[in-house]
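Quick notes on the structure that follows.
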Amino acid sequence: MTLEELVRPDLARQEAEEAARNLAHQAERLGLPLADIEIIAPCPTCRRTAYTIRLGTLDPDETHHFANALRGLPQSHPA
């Protein structure tokens, strides 16, 4: 790894962190904190080339609560 790689900001990672923070904030607003949210780096040996966000572990009650909160949101229609 070069010095430039060490000091250069990882814009893709920053974007993933921003998306994860936004999702966690909105989930918390709905009453479901995502305590185990995690950002996964791209995989150099597989086909996953972008950062991904793992929501973590939800028990059945949390999952029902999350689904009900999402169900209560208005549906968007593709333009």
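Mean separation of Cα pairs under 8 Å and 6+ residues apart, divided by the residue count of the stretch 8-64: what relative contact order is that in percent?
Values: 53 pairs, mean separation 17.3, N = 57.
Rounded, it is 30 percent for the stretch 8-64.
A simple charge model with +1 on the Cβ of Lys and Arg, -1 on the Cβ of Asp and Glu and nothing else charged puts the dipole of the chain at about 280 debye relative to its Cα centre.
Quick one: net charge of residue 69's neighbours, Cβ under 14 Å, K/R +1, D/E -1?
Details: positive: 29, 71; negative: 28, 61, 62.
Value of the local net charge: -1.
If you plug the beta carbon distance of residue 65 and residue 15 into 1/(1 + (r/R0)^6) with R0 = 35 Å, you get a FRET efficiency near 0.80. Highest mobility in the GNM of the chain, judged by mean-square fluctuation with C-alpha springs under 10 Å and restricted to 55, 30, 11, is found for 11. With the radius of gyration and the Kirkwood radius both derived from the Cα set of the stretch 8-64, what is their ratio Rg to Rh? My calculation of the ratio gives 1.05.
Amide H to amide H, with H built 1.01 Å from N, residue 34 comes under 5 Å of 28, counting only residues 5 or more places away or on other chains. Would you please name the trypsin sites (Lys or Arg not before Pro) within the stretch 7-53 that are DSSP coil residues with at most 12 other C-beta atoms within 10 Å of their C-beta? Passing sites in the stretch 7-53 are 47, 48.
Bear in mind these aren't lab numbers, they're just calculated from the coordinates by the rules spelled out. What you are looking at is a predicted structure, and each value in this text was computed from that prediction instead of being measured. FYI the Cβ positions are ideal-geometry reconstructions off the backbone, even for glycines, and counts take in every protein chain you see.
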